[in-house]
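The values are calculated or read from the model by the stated rules, or taken from the named source; none is laboratory data. Keep in mind it's a predicted model, so treat the numbers as computed, not measured. Neighbour counts are summed over all protein chains in view; Cβ atoms, including those assigned to glycine, are modelled from backbone coordinates with ideal geometry.
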């Protein structure tokens, strides 16, 4: 059936995406059901393990590659590397590392290709390393770089990867990868009877060995909100403590029990900047975000009066300020031309230069798209 569909696509001139994990929607239902089957059946998934394809993360740093068709290195944005089982197994063994079902999580289902006629699993393999003794003279950083180069890529900080990956699909896969593996490593015992949990091969659930209760990875809902003035010509942006200098973003925070996300947005605005917002409206945007926990960020817009005094929560924010649309547009243009924030350089003798709006978050963050939508309204 799949083969017939592919022939029909070619005959009708439908473009078939070359990347296996960016497959056409025509197989969507079949892939979803295959994914559900592999989640339920450990035996079925384990039997497919050495036929799968793999993304790799070493010490929370994903393996990324440079798009081969990208000529403008100034606009370099990465893609997640995908390796075959045999290639990844061989390269990891060269460095004393292992790939197996225990340190792998199920990420997706790959469509058939010209090389095989059935579905294949896409796994994420997470590897942890130990710092060599100081007297050994071995640099873990150099070893990681060598491993990445042997696989045709390099390892990138998880946060920067999420912010700069070219594809939303890649970002969501990476968020799932980190969230599932983190949950698997932390949740080892049943919270009801304290006996060990038996993780399923997919790592998408775990079952208590005694009371047979099934547990699933936790997700933390987050509201992220852009606040504008009543004229809609100004927006309120904030700088979080410890964030990259000159990068301003939207107010965001975790939902509390018994609270709608609209209420969360309104409360977080009050907590972080000390003003009352109204007309809180949901936008058609959301994003999984793996740091610090597995979050699901949902976008909102709200209105507040510029005359209200801003009272920043000092334990969370460095600064909050109203900016005119044209000022924010310049920050948007700057990050579009410099998505890796390479231009973030400051005079260390003048810490206030870090508090000047020069960038908004890169396109990998939902905040980028919330702000961009507002900027482009007029």
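Observations, loosely collected:
- Test: residue in the stretch 270-291 that is in contact with a strand residue (DSSP E or B) (Cβ under 6 Å, 6 or more places away or on another chain) and in a loop (DSSP other than H, G, I, E, B): yes
- Residue 60 vs. criteria on the phi > 0 side of the Ramachandran plot and assigned by TED's automatic domain parsing to the domain that holds residue 158: yes
- Selection status of residue 112, in contact with a strand residue (DSSP E or B) (Cβ under 7 Å, 6 or more places away or on another chain), at pLDDT below 95 and not in a strand (DSSP E or B): no
- Criterion (out of contact with any helix residue (DSSP H, G or I) (no Cβ under 7 Å at 6 or more places or on another chain), in a strand (DSSP E or B), crowded, with 16+ Cβ neighbours inside 10 Å and at pLDDT 95 or above) met by exactly one of 267, 301: 301
- Answer from 315, 308 - the residue that is under 23 Å from residue 223 (Cα atoms), in contact (Cβ under 8 Å) with a residue 40 or more places away in the chain, part of a loop (DSSP other than H, G, I, E, B) and not assigned by TED's automatic domain parsing to the domain that holds residue 174: 315
- Flag set for residue 180, criterion: at pLDDT 95 or above and assigned to a helix (DSSP H, G or I).
- Residue list for the stretch 41-64, restricted to those being farther than 15 Å from residue 162 by Cα and in contact (Cβ under 8 Å) with a residue 24 or more places away in the chain: 42, 45, 46, 48, 49, 50, 51, 52, 53, 54, 58, 59
- Restricting attention to the stretch 139-151, the residues that are assigned to a loop (DSSP other than H, G, I, E, B) and surrounded by fewer than 14 Cβ atoms within 10 Å (Cβ to Cβ) total 1.
- Any hit, the stretch 123-138, residues being surrounded by fewer than 11 Cβ atoms within 10 Å (Cβ to Cβ), over 26 Å from the mean Cα position of the chain (by Cα) and touching a residue at least 40 places away in the same chain (Cβ under 8 Å): no
- Qualifying residue in the stretch 221-239 (condition: within 21 Å of the chain's Cα centre (by Cα), crowded, with 16+ Cβ neighbours inside 10 Å, at pLDDT below 95 and closer than 26 Å to residue 331 by Cα): yes
- Meets criteria (under 17 Å from the mean Cα position of the chain (by Cα), modelled with pLDDT under 90, outside the structural domain of residue 178 (by TED's automatic domain parsing) and buried (at least 16 other Cβ atoms within 10 Å of the Cβ)) for residue 288: no
- Residue check for residue 253: free of Cβ contacts under 8 Å to residues at least 40 places away in the same chain, assigned by TED's automatic domain parsing to the domain that holds residue 339 and touching a helix residue (DSSP H, G or I) at 6+ places or on another chain (Cβ under 6 Å): yes
- The C-beta contact set for the stretch 176-189 (first residue in contact (Cβ under 8 Å) with a residue 40 or more places away in the chain, second residue part of a helix (DSSP H, G or I) and buried (at least 21 other Cβ atoms within 10 Å of the Cβ), distance under 9 angstrom, 6+ apart or interchain) comprises 178/162.
- Candidate set: the stretch 244-264, residues that are at pLDDT 95 or above and in a strand (DSSP E or B); chosen: the one farthest from residue 366 (Cα to Cα): 254
- The lone exception for residue 323 - which of (1) surrounded by 21 or more Cβ atoms within 10 Å (Cβ to Cβ); (2) within 17 Å of residue 232 (Cβ to Cβ) it fails: (1)
- Qualifying residue in the stretch 316-327 (condition: over 27 Å from residue 266 (Cβ atoms), at pLDDT 90 or above and out of contact with any strand residue (DSSP E or B) (no Cβ under 7 Å at 6 or more places or on another chain)): yes
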